[in-house]
Amino acid sequence: MKEITVLSGKGGTGKTTVAKILAERMHRHVIDTDGFIVGYAGASVDEIVKRDGWEGFRKLERFALRQVADGEKAVVATGGGIVLSLENRCLMRGSGVVVWLKARVHTLARRMAADEATATQR
C-alpha cells in the first residue's frame, strides 16, 4: 500500500478544509471518503442510509477506504463515523499517517449549524 495522510475526527472539525490545504502543500490529491461513496453509489449519504441503513453505508465506507488505501498518495478526509470500525482503524494506521482533528463543542455546533449537509448527513 502507498502512504496516505488520513484526517479523521468528528463532523465539523475541519477535515475537508484541512485536507485541501495539506494536499496543496504536499502536492497530493484530496479524496473525501463520503464524496467517493456518493459518486460510487450514485446517491446521497441520506439516500444510502434510507435505502440500506447505517450498516449498508458503513460497508460502503469500508470499501471506499480500501480503494483509497490502495491508490495513489493522497490526503484523505474521512467521514466522522469511519473510526467506528476496527477494520477501518487498522487500515488507516497501516496505510500512512492518521491525524485526529479536534474542535471545541461550541465550534462544532456553530460549524454544523452553518453546514447545509448537516440535515442530510448527520
- prompt: Using helices alone, what [θ] at 222 nm do you get for the chain, with -39,500 (n - 2.57) per DSSP H run of 4 or more residues, divided over all residues and rounded to the nearest 500?
  reply: -17500 deg cm²/dmol
- prompt: Among [x] -0.41, -0.57, -1.17; [y] -0.64, -0.76, -1.07; [z] -0.54, -0.68, -1.13, which one is log10 I(q)/I(0) by the Debye sum over Cα atoms at q = 0.12, 0.14, 0.20 Å⁻¹ computed from these coordinates?
  reply: [x]
Cα-centred dipole magnitude for the chain, charges only on beta-carbon of K, R (+1) and D, E (-1), debye, nearest 20: 460 debye
query: Which value, in Å², gives the accessible area per residue of region 9-52 when a 1.4 Å probe is used on the protein heavy atoms?
result: 61 Å²
Trypsin sites (Lys or Arg not before Pro) restricted to DSSP loop in region 24-106 with at most 12 other C-beta within 10 Å: LYS102, ARG104
field: Inverse mean reciprocal Cα-Cα distance (Kirkwood Rh) of region 52-122, Å
entry: 13.8 Å
- line: The percentage of the accessible area of the chain (probe 1.4 Å, all protein chains present) made up of carbon and sulfur atoms, to the nearest whole number, is 54 percent
- line: 1/(1 + (r/R0)^6) with r = Cβ-Cβ of ARG93 and THR17, R0 = 30 Å, i.e. FRET efficiency to nearest 0.05, evaluates to 0.80
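The values are calculated or read from the model by the stated rules, or taken from the named source; none is laboratory data. All values reported here derive from a predicted model rather than from experimental measurement. In this analysis, Cβ positions are derived from the backbone assuming ideal geometry, glycine residues included, and neighbour counts consider all displayed protein chains. Surface accessibility is based on the protein's heavy atoms, side chains included, excluding ligands, DNA and RNA. Shrake-Rupley method; radii C 1.70, N 1.55, O 1.52, S 1.80 Å.
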